[in-house]
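Since the structure comes first, as structure tokens, the remarks are kept for the end.
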Amino acid sequence: MPVFGDELAQSFVLSSDQSDLKSVQLRLMVVGEVEGSLTVTIEGDSNSAPNGTPVMTSTVPALAVTSKTGAYYAFYAQSKFDLTGKKTYWLRL
């Protein structure tokens, strides 16, 4: 997974348009001490990197991630969002 500053990001492309989305699920696990919060964004692409303009944003307390072996956690958007098929997006954590 590429690192941008102190954040991780992964690109993805959907095969078709998706509308009225409200969350994204990530498989996460605790490694070491946990503090602060986790913010997930979905952003468009700019020269093979996140463009910095969120389509979706969700923040949860880092303490909400409790699995030491990996589990899926839902990150809910503040409002529904749409993604266009065959377009590159970035999931940034």
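The values are calculated or read from the model by the stated rules, or taken from the named source; none is laboratory data. Source: prediction; values computed, not measured. Cβ placement follows ideal geometry from the backbone for every residue including glycine, while neighbour counts extend to all protein chains displayed. Surface areas here come from the heavy atoms of the whole protein model, side chains and all, with no ligands, DNA or RNA. Shrake-Rupley method; radii C 1.70, N 1.55, O 1.52, S 1.80 Å.
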Looking at segment 20-35 only, could you name the residues that are more than 17 Å from the chain's Cα centre (by Cα) and of a type in the set (Gly, Ala, Ser)?
Gly32
Counted residues in segment 14-61 being surrounded by 12 or more Cβ atoms within 10 Å (Cβ to Cβ) and in contact with a helix residue (DSSP H, G or I) (Cβ under 6 Å, 6 or more places away or on another chain) come to 2
Scanning segment 1-13 for residues that are in contact (Cβ under 8 Å) with a residue 40 or more places away in the chain and among the small types (Gly, Ala, Ser), which turns out surrounded by the fewest Cβ atoms within 10 Å (Cβ to Cβ)?
Ser11
Which of the residues that make up segment 62-83 are touching a residue at least 60 places away in the same chain (Cβ under 8 Å) and open to solvent by 40 Å² or more (accessible area, probe 1.4 Å)?
Lys80, Asp82
